[in-house]
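What follows is calculated from the coordinates using simple rules that are stated; it is not laboratory data. Because the structure is predicted, anything quoted here is derived from the model rather than measured.
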């Protein structure tokens, strides 16, 4: 894969079978791109006018099995002084790690895989998972919506929770917000604040922890 570099404004990934790591390095701009794993699963990449995009051809059931063996992984390094207009990730199967990234808009849709986000900042974030856990730590969220069909959500925001308008709904599972614990079916917790920033979490099966 070509090792792109230069000024970057956005990142968009549309992948079938691949784990992804997006991390901050020194300086600004796109610092590098690396892929490891099976050659026939390597995504197609393009970088033009500050837009970095990745696409991957449809993968057979056999190809999905390769993931467990060769663990295809895409690693993107962006300078810590860079502010992306948007970071858009769509993956059928694979884990995602985001560390030290700042973006105006963050969108993530994953069918199967875990999400790890730390030391990042987003003006607006939308996260959707069908099966997998979501872990967010030391991150400035501002306006955030998280939807999970089956999986746990653990959120540790940088800001004091009192500044957020929080709404949390869980059909089956437990909820813990700032040390207060709730359990049972069809849990619905509203924790209001006058600040316009908000956290919305909707989980079908799983536990939620917000600290």
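Using only the alpha carbons, work out the radius of gyration and Dmax of the range 75-164 in angstrom.
Cα radius of gyration and Dmax of the range 75-164 are 12.4, 36 Å respectively.
Over the chain, what is the mean sequence separation of C-alpha contacts under 8 Å (at least six apart), divided by residue count, expressed as relative contact order in percent?
Details: 611 pairs, mean separation 34.5, N = 211.
Once divided by the residue count of the chain, the mean separation gives 16 percent.
Based on the alpha carbon coordinates of the chain, what radius of gyration and maximum Cα-Cα distance (Dmax) apply, in Å?
17.6, 52
Normalising by the residue count of the range 119-211, find the relative contact order in percent from Cα pairs under 8 Å and 6+ residues apart.
Once divided by the residue count of the range 119-211, the mean separation gives 32 percent.
Pairing the Cα long axis of helix 61-70 with the longest principal axis of the chain, what angle in degrees results, from 0 to 90 and rounded to the nearest 10?
Approximately 90 degrees, to the nearest ten.
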